[in-house]
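No value in this document is a laboratory result; all are computed from the given coordinates. Note that this is a predicted model, so its numbers are computed, not measured. Every residue, glycine among them, receives a Cβ derived from its backbone with ideal geometry; neighbour counts consider all protein chains shown.
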Amino acid sequence: MLDPNKVTLLIKNAGLKSTQARIAVLGLLMQSQHGLNHQELEKRLGENGYQFDRVTVYRTLHHLSEARIIHKLVGIDRSFVFAYIDEAISGEPSTHQTEHPHFICESCATTYCLDQNSYTQARVEVPVGFTLKHSELQLFGICPQCH
Ligand SMILES: [Zn+2]
Ligand SMILES: [Zn+2]
């Protein structure tokens, strides 16, 4: 079971106020083995007895993303998926570095964060005049659940 104090501490360490919504949302993402989209999050919040309106959930996800405790990515159906940035995945607990590949299951549309060490960063040259700010590696296939 997840220690609620750990969740609160993470939020405070990121410089945010620990509201009930932030604790609930982050707690759910930390317990999930894969990224969750809005719908899934709202469903799970409901199952856990929380009643937050949609705007609150949106704002919470926004603030947690800004603080780099979680990150946002685009799922297979173009909906946003949110995932907790695990220290094991980021490799750098202090900076919560977000560059790691994602595996997207084509059968169940689940997005998984992969370990940063699972690939060597590809070198991509952009043409003159373009400024590259960030890149993302997405891998598509079948997850263990669907095999
Ligand atoms: Zn799957
Ligand atoms: Zn990820």
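Extending 7 Å from Cα along the Cβ direction at THR131 and again at SER65 yields two label points whose distance is 2.1 nm. Per residue, the convex hull around the alpha carbon atoms of region 15-94 comes to 94 Å³. Sorted fewest first by neighbouring Cβ atoms within 10 angstrom, VAL57, VAL74 come out as VAL74, VAL57. Rg of the Cα atoms in the chain, relative to 2.2 N^0.38 Å, amounts to 1.09. Measuring gaps between exposed loop sites in the chain (chymotrypsin sites (Phe, Trp or Tyr not before Pro); DSSP loop; at most 14 other Cβ atoms within 10 Å), the longest gap, sites not included, is 1-118. Remark: LEU132, LEU114 ranked as LEU132, LEU114, counting other beta-carbon atoms within 10 Å and listing the fewest first.
Taking 7 Å steps out from each Cα toward its Cβ at VAL124 and ASN13 produces label points 3.1 nm apart.
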